[in-house]
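Q: Sharing a structure with you now.
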Amino acid sequence: MPEMKRQATIRVTVIDDARSPKCEARCGLDLSSPDTFKSTTKVLRRLFGGRVKLEYATLDAIQAGPLAEIDARVKAGELSLPLLLVNGKPRVSGYFDLHLLQESIQVEIEMAAH
Amino acid sequence: MNLYLGIDIGSVTIKLALIDEGGWFFDSVYLRTQGSPIQAIQQGLRLLKGRLPENAYVGGVGATGSARYLAAAIIGGDVIKNEITSQVIATVRCVPEAKTIIEIGGQDSKIIILRRDMVADFGMNTVCAAGTGSFLDHQAARLGIAIEDFGDRALRSRNPVRIAGKCTVFAESDMIQKQQMGHRTEDILYGLCQALARNYLSNVGLGKEVRTPVVFQGGVAFNRGMVRALKEALETEDVIVPPHHEAMGAIGAALLALEEMTARKTRTEFKGFEISEAEYKTSPFECQACPNLCEIAQISLDGQVIARCGGRCDMWERKPAANTAGA
C-alpha cells in the first residue's frame, strides 16, 4: 500500500443525468447514482488505497470546463449515459457494477506500469 | 523443454495456453467452467499434462480473467494481469498489424484501440448481456440449437429477420413473435447475430475510432455468423479471426509470465500438475466491509486457507490468504 501512495492519482468520474432515458432492464448493480458515493469510495479505498479519487457529475455540470467535449459527444449520441470516465477518458458507456469499475481502474494502472 | 503457462478464467469458460521459450504457441485447452472454477482449472491441467512431452517443464505462470486471483492462488501464479493487458500482449505478438481488437466472451466484451502497438483507447462491458456471448447462448437454448451449430446455421440465412434486441430480455419476446410469424430458424439465427453485432457496437464500441484491420477474438469468434455480421456492421472485410482466438488472453498471460520470469530469474511459483488431483474444500462467510454483505467462499487445502473468492469486488481475492476472515 505505501508504494501506491507515491503513484499518480486516478480520477474516476461518473456522469449521469436524471432526465435521460434509462435502460429498463437494469442489469447488474447500478453505481451510477451519487447515492452510492460513500460506499463506493470506501470500497475503492480498500482496493486501491488513496490512489483513486471518485466524483459524480451531471451533464449540466460538465458543459463548461475540461469535460465539455464529453458533454458534446453525449449530446451527439456518440456516448450514452451513465458514463464512467477514468482520467477523463470514457471507459464504460452504460450501466456498470463494482467489478467493471475496478477493472477499468486496474487497466489504467497496468497500462501506466507496462 | 521450458514452457510458460497462461490461464484465463472467466465466469463461463477457462482457457489454458502454453508457449515455448521463444514465445510461440505450443498448446491450449478451452473448457466451460460450469460454475466450478477450481474443478475447471484441475480438468484443464489434467488435459494439458496428458498432451505434454516427458521433458516439459513449466518455467512460469501468468493468470488473467475475472477469477485471475483465484487461479493464481490455486495454480501458483507468477504474474497476475487484467484481461485488456493480456489480450493486447497476445494480439501485438500474433497479429502485429492490428488496429482494433474486438473481444466478445461469454459474459463480457471489450474493445481495444491500438495505435503503434500501444493501447490508445479501450472500453468494456460486463453488465449488459446484450453485447456478450450469453445473449447468443440464451437464445440458442430457447431455440433448442447447440451453440456449436449456431454460426453455420446462421450462415444459411437468406432473409435475416431484424430482432429488435437492444436488450436480451426484450430480444427474446421479439424472437418468439418472429417464430410465431413463421420465419425460418436460420433467418432468426442470423438476425440474432446482427442484433449482437449492433448491440456490441452501440454499447462497448460507441464513440470508439474503429480502424482496420480489426481482430475479432474471444469464444464468440467461433461463430461464423457473428464474423459475417460484424463485417457487415463495420462495413469492412478486414476482420481477422486469429488462430487460437479463444485463448488470446491465456496466451497473453503466458507471454507476460515469460517476460516476468526472464527479468526475475527466480524459480516459478507453479505448484505442479499434481494439484489437478488435490481436494479443495470450500466454506462461506459473510463480508462485513460494506453494506452489500457479500457471501465469500473460502478455499482450503489440507486445512489451510489458500484463496477466497466471490463478492461484488475483488477485495478478498487480492488479500493474501494468510489473513483471517472478517474484514
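Q: What's the total number of residues in the stretch B:1-30 that are under 20 Å from residue B:260 (Cα atoms) and of a type in the set (Ser, Thr, Tyr)?
A: Residues in the stretch B:1-30 being under 20 Å from residue B:260 (Cα atoms) and of a type in the set (Ser, Thr, Tyr): 1 in total.
Q: Given the options B:154, B:120, B:56, name the one that is within 30 Å of residue B:271 (Cβ to Cβ), among the hydrophobic types (A, V, I, L, M, F, W, C) and over 19 Å from the mean Cα position of the chain (by Cα).
A: Just one listed residue meets the conditions, B:56.
Q: Pick from the stretch B:197-209 the residues that are part of a helix (DSSP H, G or I) and over 11 Å from residue B:164 (Cα atoms): which of them is nearest to the other protein chains (Cβ to nearest Cβ)?
A: Filtering first and then ranking leaves B:203.
Q: Within the stretch B:81-103, is there a residue that is in contact (Cβ under 8 Å) with a residue 12 or more places away in the chain, within 13 Å of another protein chain (Cβ to nearest Cβ) and of a type in the set (Lys, Arg)?
A: yes
Q: Among (1) within 9 Å of chain B (Cβ to nearest Cβ); (2) part of a helix (DSSP H, G or I), there is one condition residue A:50 misses while meeting the rest; what is its number?
A: (1)
Q: Still on this structure: Can you pull out every residue in the stretch A:75-114 that is among the hydrophobic types (A, V, I, L, M, F, W, C) and facing chain B (nearest Cβ under 7 Å)?
A: Passing the criteria: A:79, A:92, A:96, A:98, A:100, A:107, A:111.
Q: Would you point out which residue out of B:171, B:140 is within 12 Å of chain A (Cβ to nearest Cβ), at pLDDT below 95 and crowded, with 19+ Cβ neighbours inside 10 Å?
A: After ruling out the rest, the residue left standing is B:171.
Q: Is it the case, given these coordinates, that residue B:194 is in a helix (DSSP H, G or I) and over 30 Å from residue A:85 (Cα atoms)?
A: Criteria not met by residue B:194.
Q: Only one of B:313, B:294 is crowded, with 22+ Cβ neighbours inside 10 Å and within 14 Å of chain A (Cβ to nearest Cβ); which?
A: B:313
Q: Just checking, does the stretch B:221-237 include any residue being in a helix (DSSP H, G or I) and within 30 Å of residue B:58 (Cβ to Cβ)?
A: yes
Q: Would you mind finding the one in B:262, B:282, B:324, B:268 that is modelled with pLDDT of 80 or more, in a loop (DSSP other than H, G, I, E, B) and among the polar types (S, T, N, Q)?
A: B:268
Q: If residue B:253 meets every condition in (1) under 17 Å from residue B:93 (Cα atoms); (2) of a type in the set (A, V, I, L, M); (3) not in a helix (DSSP H, G or I) apart from one, which number is that one?
A: (3)
Q: Could you list, in sequence order, all residues of the stretch A:53-110 that are buried (at least 22 other Cβ atoms within 10 Å of the Cβ) and at positive phi?
A: Hit for the stretch A:53-110 is A:94, nothing else.
Q: Does residue B:57 satisfy the condition of being under 30 Å from residue B:138 (Cβ atoms) and out of contact with any Phe, Trp or Tyr (no Cβ under 8 Å at 6 or more places or on another chain)?
A: The answer is no for residue B:57.
Q: Can you name every residue in the stretch B:242-290 that is buried (at least 18 other Cβ atoms within 10 Å of the Cβ) and without any contact (Cβ under 8 Å) to a residue 60 or more places away in the chain?
A: B:245, B:287, B:289, B:290 - these are the residues of the stretch B:242-290 that are buried (at least 18 other Cβ atoms within 10 Å of the Cβ) and without any contact (Cβ under 8 Å) to a residue 60 or more places away in the chain.
The values are calculated or read from the model by the stated rules, or taken from the named source; none is laboratory data. Computed from a predicted model, the values in this text were never measured in an experiment. Using ideal geometry, Cβ is built from the backbone for each residue, glycine included, and neighbour counts are taken over all protein chains shown.
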